[in-house]
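First up is the structure itself, then whatever we jot down about it.
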Amino acid sequence: MESLLNSIQAAYEAFRADAALQNEKNNKAAGTRARKASLELEKLMKEFRKVSLEQAKK
């Protein structure tokens, strides 16, 4: 669970940095990276939900 949380945090930080670059400086490449990071976050959050539900059943 700890490694999953670290992965989520790292993916969010990458998303946040690239989204800020796109917003502030109209950096199109950063927008592409932010969208890619958002897809990765989506996968990680689904995995978190699955692990969290398993732990709640214990």
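The residues neighbouring Arg35, those whose beta-carbon lies less than 15 Å from its own, together hold a net charge of +2 under the Lys/Arg +1, Asp/Glu -1 convention. Backbone amide hydrogens, once placed in the peptide plane, bring Asn27 within less than 5 Å of Gln22, excluding anything fewer than 5 places away on its chain.
Once the 1.4 Å probe is applied to the protein heavy atoms, the chain comes out at 81 Å² accessible per residue. Taking every alpha-carbon pair within the chain, the share separated by more than 16 Å comes to 48 percent. To the nearest ten degrees, helix 28-56 and the longest principal axis of the Cα atoms of the chain are 10 degrees apart.
The values are calculated or read from the model by the stated rules, or taken from the named source; none is laboratory data. Keep in mind that what you see is a predicted model, and the values were worked out from it rather than measured. As a convention, Cβ positions derive from the backbone with ideal geometry for all residues, glycine included, and neighbour counts pool all protein chains shown. The accessibility values were calculated without ligands, DNA or RNA, using every heavy atom of the protein model including side chains. Shrake-Rupley method; radii C 1.70, N 1.55, O 1.52, S 1.80 Å.
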